[in-house]
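As structure tokens, the structure follows; a few thoughts come after it.
Just so it is clear, none of the values below were taken in a lab; they were calculated from the coordinates. The structure displayed is predicted, hence computed values, not measured ones. Counting neighbours? That spans all protein chains shown, and the Cβs are built from the backbone with ideal geometry, glycine included.
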Amino acid sequence: MADEPTLRLNKQLALQLAIARREADNLIDKGVVLINGVPATLGARYRAGDTITVDGKEIKADTTYQYLIFNKPVGYVCSRKQQGDNPTIYELLPPEYHHLKPVGRLDRDSSGIILLTNDGNFAFEMTHPKFNKTKIYNVRLESDLAPLHQQMISDHGIELEDGTSTLQLERMNETDRKSWIVTMHEGRNRQIRRTFGALGYTVKKLHRTNFGNYALGDILPGEFEITNIQ
């Protein structure tokens, strides 16, 4: 029939809320998703023109995926809500991109590449540990890193409260033991800072240049580029 529903509800929720489809199914199962005022059921589909709400908030019917590469400056937080006096990255983005969610995080004192999207599956694949996405950082320490500590971090790992942290370290040049290129395949909270801190070092600068297949390139601080999935 011409009016038969043809659009999957969980796919649309994942798109608009930037969550994985299984998370969308959890919302449906909780009974907080309505189609034209009627609670939706798992596997539900909807017609173009139907009104979809989640916890009373209407969800747009736009089905276009968007992906941004953003160069986060120091001093901004990756959050929709301001945290204390710290501004959010959304203050640097045009309003038409405020519905996009950051993929992973950089803390306030760190800078560099952040991806933003409304594609929940993409965000899941970029951040879940099983996908082993490479992240590369330029790190500047307050003091020289001892060769022994370099070997400990790279070869044996450092024990933190949430498990062993192993980082790949490369010197930026042969005369400087404060500046390092750090490669990692995890994404635990403040992992690089905590790893060096466990050995008595303070990270003065942490700038992420690469996230998976995506590189910051020549994007200036506070600016962004639209990209496609690679």
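Quick notes on this one:
- The amide H of SER165, built 1.01 Å from its N in the peptide plane, has ILE158, GLU159, LEU160 as neighbours under 5 Å, considering only residues 5 or more places off or on other chains.
- Among the GluC sites (Glu not before Pro) in the range 85-152, those placed in a DSSP loop whose Cβ has at most 15 other Cβ atoms within 10 Å are GLU142.
- Partner lysines for LYS178 [C-alpha distance under 21 Å; skip if fewer than 8 residues away on the same chain]: LYS135, LYS204, LYS205
- 3J(HN,Hα) along the range 148-155, derived from phi through the Karplus expression 6.51 cos²θ - 1.76 cosθ + 1.60 where θ = phi - 60°, amounts to 5, 5, 4, 5, 4, 5, 7, 9 Hz, with x in place of Gly and Pro.
- Cα centroid separation, the range 134-151 to the range 194-230 (Å): 15 Å
- Our summary gives the range 7-59 a relative contact order of 35 percent, counting only alpha carbon pairs under 8 angstrom and 6 or more residues apart.
- Per-pair calculated FRET efficiency, R0 = 30 Å: LYS11 and ASP218 via Cβ, rounded to 0.05: 0.30
- Calculated [222 nm] ellipticity per residue, helices only, for the chain: -4500 deg cm²/dmol; basis is -39500 (n - 2.57) per DSSP H run with n ≥ 4, divided by all residues, nearest 500.
- Potential lengthening of the chain between ARG45 and SER79 amounts to 9.1 nm, from the contour at 0.36 nm per residue minus the alpha-carbon distance.
- The C-alpha atoms of the chain define a longest principal axis, and helix 21-30 lies at about 50 degrees to it.
- q = 0.09 Å⁻¹, the chain: log10 I(q)/I(0) [Debye, one scatterer per Cα]: -0.47
- For the range 7-59, fraction of C-alpha pairs farther apart than 14 Å, in %: 40 percent
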